[in-house]
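Asks: Shown below is the structure under consideration.
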Amino acid sequence: MDRERETIILRTDDIEITHRKVVIGSKTYEISTIKSVNLEERNMSPGRGNAVRIVSFLSLLLGILFCMATFAIRFIQMPELFSDWPRINLHFLFAGIGLLLMTLWSIGFEAIQPTYMAQIVTEAGRFTVLESKDNAHIKRVVKAIKEAIARKE
């Protein structure tokens, strides 16, 4: 197989699709062995997704409140528990807890997004060759593999 004669259909950082092969990362699939390709979407279960949404939203609200409390510490009377702590440590404590809670919100928000998968079917079975949260990227890859299958020699 001459690389010069291969028509490149799609090339990105770690993906190369030609009319003869599909290279994703370190794996290579021959187009001649691929029967079909499809796009699958995997979502979190509705109950679990709602729980993650609620916890994420609450962590965002608490994170914002903790960060706002950082600025209000000098204006409020601190309970006895914190009376002997240096003031700067309280500011860092409240800001740190607030930022941690807001980070948990962003992680939860990312977790509820659907995952898209490019799957190929060969004689050996069905394989997931690529997964991503980016639907447009997976659609481009699936379209390129379909075009390569259509150009089979």
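Asks: Please go through region 38-55 and give me each residue that is of a type outside the set (A, V, I, L, M, F, W, C) and not in a strand (DSSP E or B), ordered by number. Before the answer, list the steps.
Replies: Going through region 38-55, the residues of a type outside the set (A, V, I, L, M, F, W, C) turn out to be 38, 40-43, 45-50, 53.
Hits for region 38-55 are N43, S45, P46, G47, R48, G49, N50, R53.
Asks: So which of I54, I8, I15 is at pLDDT 90 or above, of a type in the set (V, I, T) and open to solvent by 40 Å² or more (accessible area, probe 1.4 Å)? I'd like the intermediate steps shown before the answer.
Replies: Working: I8 fails: at pLDDT 90 or above; I15 fails: open to solvent by 40 Å² or more (accessible area, probe 1.4 Å).
It is I54.
Asks: Considering region 120-140 alone, what residues qualify as being under 12 Å from R42 (Cα atoms) and in contact with a Ser or Thr (Cβ under 8 Å, 6 or more places away or on another chain)?
Replies: Listed by number, the residues that qualify are E131, S132, K133.
Asks: Of everything in region 85-137 that's among the charged types (D, E, K, R) and at pLDDT 90 or above, which residue is most open to solvent (accessible area, probe 1.4 Å)?
Replies: Among residues in region 85-137 that are among the charged types (D, E, K, R) and at pLDDT 90 or above, the one most open to solvent (accessible area, probe 1.4 Å) is R126.
Asks: List the number of the failed condition for G47; all other conditions in (1) open to solvent by 70 Å² or more (accessible area, probe 1.4 Å); (2) free of Cβ contacts under 8 Å to residues at least 40 places away in the same chain; (3) not hydrophobic (A, V, I, L, M, F, W, C) hold.
Replies: The single condition G47 does not satisfy is (1).
Asks: List every residue pair whose Cβ atoms sit under 7 Å apart, with the two residues 6 or more apart in sequence or on different chains, where the first one lies in region 102-113 and is closer than 15 Å to E41 by Cα and the second, anywhere, is open to solvent by less than 70 Å² (accessible area, probe 1.4 Å) and among the β-branched types (V, I, T).
Replies: Listed by first residue and then by second, the contacts come to A111/V52; I112/V52.
Asks: Please name all residue pairs, on different chains or six or more residues apart, with Cβ atoms under 6 Å, provided the first residue is in region 4-30 and is more than 10 Å from A148 (Cβ to Cβ) and the second residue is surrounded by 12 or more Cβ atoms within 10 Å (Cβ to Cβ) and of a type in the set (K, R).
Replies: E6/R20; T28/K21; E30/K21
The values are calculated or read from the model by the stated rules, or taken from the named source; none is laboratory data. Source: prediction; values computed, not measured. Cβ: placed from backbone, ideal geometry, glycine included. Neighbour counts: every protein chain shown. These accessible areas exclude ligands, DNA and RNA; they are computed on the full protein's heavy atoms, side chains included. Shrake-Rupley method; radii C 1.70, N 1.55, O 1.52, S 1.80 Å.
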